[in-house]
Amino acid sequence: MPTYRLDVAVKTRHIPEQSDPSENRYVFAYTITITNGGSVPTQVISRHWVITDAHAHVEEVKGLGVVGHQPLLAPGESFEYTSGSALTTATGSMRGSYFAVAEDGMRFEAPIAEFALAVPRALH
C-alpha cells in the first residue's frame, strides 16, 4: 500500500543588516528542507503560510510552488530552499502547509508545524 508524506524541517535566522528596529522592521530568513517520506514520487504544487507577529497581526501567503519551483521528489529525496519574511515586531511565528500531488494522482496536504521567528535574545 503506498504512503504519502512530506517531512518538513526548518531553520531560521534574523537578518540584522536588513532590519531596522527604529522603523519596526525585523527581517528573518528561513531555510526549509522538504523530504519525501512516502513511497511514491510526489510533486510540491503550492504553499500556504500563516505569519503572525507579536501583536497577533496575521498575514496569509498562498501561491504556486516554492521559490519559483514545483519540485518532483522521489521517495527519500529532498529539496531545500531559503526565503524570508519581515515582521513589525522582534518576535513572531509561521506555520502552514504544502499541497502536493503524488505520481499516482493522489492529492494531499503536508502540514508545516509552527516555528518561531525571533531576534536573538528577544525570547527568554
Fill in the blank from the handout: With DSSP loop assignment and no more than 13 other C-beta atoms within 10 Å, the trypsin sites (Lys or Arg not before Pro) in segment 65-124 are Arg121
Exercise for the section: Using every Cα-Cα pair within the chain, state what percent have a distance larger than 23 Å. Expected result: 35 percent
Handout entry: Relative contact order (%) - criterion: Cα under 8 Å, at least six apart; region: segment 1-76
Key = 30 percent
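Just so you know, all these numbers are worked out from the coordinates, no wet-lab data involved. In this text, all values refer to a predicted model and were calculated from it rather than measured experimentally. FYI the Cβ positions are ideal-geometry reconstructions off the backbone, even for glycines, and counts take in every protein chain you see.
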